[in-house]
1. Write down the accessible area per residue of segment 304-350 in Å², having rolled a 1.4 Å probe over the full set of protein chains.
2. Assuming a viscosity of 0.890 mPa s and a temperature of 25 °C, what translational diffusion coefficient in µm² per second does Stokes-Einstein assign to segment 187-290, Rh being the Kirkwood radius over Cα pairs?
3. Around Tyr138, which amide H atoms from residues at least 5 apart in sequence, or from another chain, sit under 5 Å from its own amide H, with H modelled in the peptide plane?
4. Please give the per residue accessible area of segment 93-225, computed with a probe of 1.4 Å over protein heavy atoms only, in Å².
5. What is the packing order of peptides 129-140, 105-116, taking the mean over residues of other C-beta atoms within 10 Å and listing the highest first?
6. With +1 on each Lys and Arg Cβ and -1 on each Asp and Glu Cβ, and nothing else charged, work out how big the dipole of segment 6-92 is about its Cα centre, in Debye to the nearest 20.
7. Which value, in Å², gives the accessible area per residue of segment 33-89 when a 1.4 Å probe is used on the protein heavy atoms?
8. Can you tell me what share of the DSSP beta bridges in segment 1-159 is antiparallel? A percent to the nearest 5 is fine.
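The values are calculated or read from the model by the stated rules, or taken from the named source; none is laboratory data. The shown structure was predicted, so the numbers you read here are calculated from the model rather than taken from an experiment. Heads up, the Cβs are rebuilt from the backbone with ideal geometry, glycines too, and the neighbour counts pull from every protein chain shown. The protein model used for the area step is the full one, side chains on, heavy atoms only, and it has no ligands, DNA or RNA in it. Shrake-Rupley method; radii C 1.70, N 1.55, O 1.52, S 1.80 Å.
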Amino acid sequence: MNTLMSNPVSSTTGKIRTVELGSGGPLVGVQGFGAMGISVAYGDTDVAAARDTLEASLEAGVTLIDTADMYGHGSNEEFLAPFVAAHRDEITLATKFGFELRADDPNYRGISNDPGYLRRAVEASLRRLDVDVIDLYYMHRRDPAVPLAESVGTMAELVREGKVKHLGLSEVTGAELREAYAVHPITALQSEWSVFSRDVEHSAVGAAAALGVAFVPYSPLGRGFLTGAFTDANEELSSSDFRTLLPRFSGDNARANAALLAPLHAIAADRGASTAQIALAWVQQRAEVHGLTVVPIPGTRKRSRLLENAAATRITLTAEELALLEPIAGQVAGDRYADMSHTSAAREAK
Ligand SMILES: NC(=O)c1ccc[n+]([C@@H]2O[C@H](COP(=O)([O-])OP(=O)(O)OC[C@H]3O[C@@H](n4cnc5c(N)ncnc54)[C@H](OP(=O)(O)O)[C@@H]3O)[C@@H](O)[C@H]2O)c1
């Protein structure tokens, strides 16, 4: 294997490089921070450690901070509020609406892009985050019952009213991105993209590149699977962990998927890097192939891992290494979600 050991892969010292988030968008660190897992979804949180991890993000130049109203039914936004207040001018704050939050049923998972609901959702996010304006406001999921022109039109009104600075979409197809962009410029498209999940390469990635929309890959570490931490995930996850519900993490699928990671482990060992770093370098480079600005948002509760992940922005994989990773996604066992109906892939397949 051709190695480039000159790549520094130990924890970053100093800040990562910056990039314009989409044409005319804010300047952000080339890697962002996915804040969901610091307080919900992936097991217990040590609050002090999670807060220290947030501080470490800024030390590393990781400035795009990602949350959503549905993470913990608003509690993730509330968890972030003190950090946001302390660093308002240093961060680009992104949140999302689209999963309908119902006060009487925290487990309700329906989607709403209804303009009236959207207006209530943005006010609630502004209140929980304790800010006057949201830097990047995403439609989390598309609600096919509402025409895109209507929902994106309402999002555009929020920009004009000064409640939101930039617009984003999550889990939309290339055609939907183009349709939305015709209503108002879209700064970022956030969808799952990793060595493990490449369905966005069918149409969304090409459309984003053509429009000058930045791509924000979510779960770039395959929700932790690509760190090599799982071999038989059902046994390894606590019952409250959301991943127990994901087909890729269950039983035979998890065992088969763990075996697929052999090339990732080999490249990491060869470079003295972690498998997480190689997975992050892959998504960064894969986007460059498409001429796309990319800002992955890995999540972690640990300072050391945040710094490790940030250091991956300095890794350049060789063509030989990329070729070794190429077949993995096509062989993954199990879908990304137990219910794929809200994903762009499902609408693309129709
Ligand atoms: N738009 C959407 O629909 C959508 C969906 C899912 C997620 N997201 C966003 O994307 C963000 C990131 O995705 P994600 O959290 O699902 O998955 P991810 O970033 O792919 O993986 C996170 C998991 O990896 C572990 N991890 C992180 N860095 C590590 C390292 N260097 N070594 C070992 N383990 C490491 C974390 O555990 P520890 O905490 O223990 O380190 C955590 O369990 C979320 O926080 C959220 O903001 C958006």
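1. Details: 2200 Å² over 47 residues.
Spelled out: the 1.4 Å probe surface of segment 304-350, per residue, equals 47 Å².
2. On the way: Rh = 14.7 Å.
Estimated diffusion coefficient is 167 µm²/s.
3. Thr95, Lys96, Phe97, Gly168
4. Value for segment 93-225: 33 Å² per residue.
5. Values: 129-140: 21.2, 105-116: 14.4.
Those peptides, ordered most packed to least, come out 129-140, 105-116.
6. On the way: 4 positive and 12 negative charges, 63 e Å.
Computed charge dipole of segment 6-92: roughly 300 debye.
7. On the way: 1870 Å² over 57 residues.
Each residue of segment 33-89 exposes 33 Å² on average to a 1.4 Å probe.
8. On the way: 5 of 14 bridges.
Bridges in segment 1-159 that DSSP calls antiparallel: roughly 35 percent.
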